[in-house]
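Engineer: The following block contains the structure, expressed as structure tokens.
The values are calculated or read from the model by the stated rules, or taken from the named source; none is laboratory data. This one's a predicted model, so the numbers in the text were calculated from it and none came from an experiment. Backbone-built Cβ (ideal geometry, glycine too); neighbour counts: all protein chains shown. Protein only, heavy atoms only, side chains kept; ligands, DNA and RNA dropped before computing areas. Shrake-Rupley method; radii C 1.70, N 1.55, O 1.52, S 1.80 Å.
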Amino acid sequence: MLLMTEEYIYAVARVRSRELGLLSRQDVDQLMACHKVEECLRVLSDKGWAAAGDVTPEEVLAAEEEKTWAFIYELTDDLTPFQVLLFPTDYNNLKAAVKAVVTGVEPHQVFLPGGAVEPELMLRCVREGDFSPLPEAMAQAADNAYHTLLQTEDGQLCDVILDRACLEAVLACGRESKSDILRDYAELTCAVSNIKVAVRACKTGKNRAFLEAALAPCGTLDADSLAAAACKSLEDLYAYLSATPYGEAAERLKESYSAFEKWCDDRVMDLVKDQKMNPFTVGPLFAYVIARRNEISTVRIILSGKLNELDDGMVRERLREMYV
């Protein structure tokens, strides 16, 4: 059952309390000042992260992701507004399930945690060739990907089918929502994913047919124009993007792919920051999940930099904008 306005007020109050524990830019600077990963983990432990004891950085990050969703489950049993965040995990797990069954490889540590559909259910559906227990759109995509992989043995084509289906599910969820933030997030997610596909396709010389199969039409980018530009050159692709709301993305791509990825994440933060002033909807809950994911990503970048002894300047260039 959807949360009513009164329940949102209570849920948002709890979110506001939790936001006090989010990492600030000063906290990020403190982590950057650490010399070793072990020092970073001690700092994070002091701030309430699950970083105490004999744990690896990845275990810490996974625990914080689980903690985030456990908190959301406390606030509501209706995950419909969060499906746009869960679909990528579900469809990645579906790709793993399809490939495991078709190749006859027993799946081991290939499934991501945190999806809405249990990976074991996906495996059973693929093995039995009956996808009806899955959500309708996912079932259709799974059936298509499974039989395509059986017939062609083309793992990339299988990925294309499920990646596009994921984007279409995200868009549909956003458009069906009554929340502006969900619609805007879904649109941005789809557009950014399309840009990434177009850039990779251009660099690897993919043809128009591939792009038409891979790109998911959205409102702020014309898929045909994007495909046509990507088939010509990166310069043509950047020129097309410059005439869209994603002109700045083209500039960041010219710098580097990591600069583009930072731009993408920072645009998401720009979207959700306004939700701090919106206490009567699901917006602040959604924004909190995004904020937590963003700080987990930021910590991952820092820890990776320490592990690989990267220059601090190089690491700082990749750090995301913080929610608080």
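Engineer: How many residues does region 52-81 contain that are open to solvent by less than 50 Å² (accessible area, probe 1.4 Å) and farther than 27 Å from residue 12 by Cα?
Structural biologist: 2
Engineer: Continuing with the same structure: Within region 169-213, how many residues turn out to be of a type in the set (D, E, K, R), farther than 20 Å from residue 245 by Cβ and either in contact (Cβ under 8 Å) with a residue 40 or more places away in the chain or not in a helix (DSSP H, G or I) (or both)?
Structural biologist: 2
Engineer: What's the number of the condition residue 190 fails, among (1) of a type outside the set (A, V, I, L, M); (2) over 23 Å from residue 136 (Cβ atoms); (3) open to solvent by less than 20 Å² (accessible area, probe 1.4 Å)?
Structural biologist: The number of the failed condition is (2).
Engineer: Condition check: open to solvent by less than 30 Å² (accessible area, probe 1.4 Å) and touching a residue at least 12 places away in the same chain (Cβ under 8 Å). Does residue 149 satisfy that?
Structural biologist: Spelling it out, residue 149 is indeed open to solvent by less than 30 Å² (accessible area, probe 1.4 Å) and touching a residue at least 12 places away in the same chain (Cβ under 8 Å).
Engineer: Another question, then. Before we move on, is residue 37 buried (at least 19 other Cβ atoms within 10 Å of the Cβ), on the phi < 0 side of the Ramachandran plot and not hydroxyl-bearing (Ser, Thr, Tyr)?
Structural biologist: no
Engineer: Shifting gears a bit: Where in region 214-324 are the helices (runs of 4 or more DSSP H), entirely inside, with at least 2 residues that are surrounded by 16 or more Cβ atoms within 10 Å (Cβ to Cβ) and modelled with pLDDT under 95?
Structural biologist: Once the helices (runs of 4 or more DSSP H) in region 214-324 are filtered for at least 2 residues that are surrounded by 16 or more Cβ atoms within 10 Å (Cβ to Cβ) and modelled with pLDDT under 95, what remains is 257-273, 283-307, 312-318.
Engineer: Residues in region 138-147: is at least one closer than 24 Å to residue 234 by Cα and not β-branched (Val, Ile, Thr)?
Structural biologist: First pass over region 138-147, keeping only residues closer than 24 Å to residue 234 by Cα: none.
No; the residues of region 138-147 include none that is closer than 24 Å to residue 234 by Cα and not β-branched (Val, Ile, Thr).
Engineer: State which residue pairs qualify: first residue over 18 Å from residue 107 (Cβ atoms) and inside region 119-145, second residue open to solvent by 60 Å² or more (accessible area, probe 1.4 Å) in any location, beta carbons under 7 Å apart, and separation of 6 or more residues or different chains.
Structural biologist: 139/132
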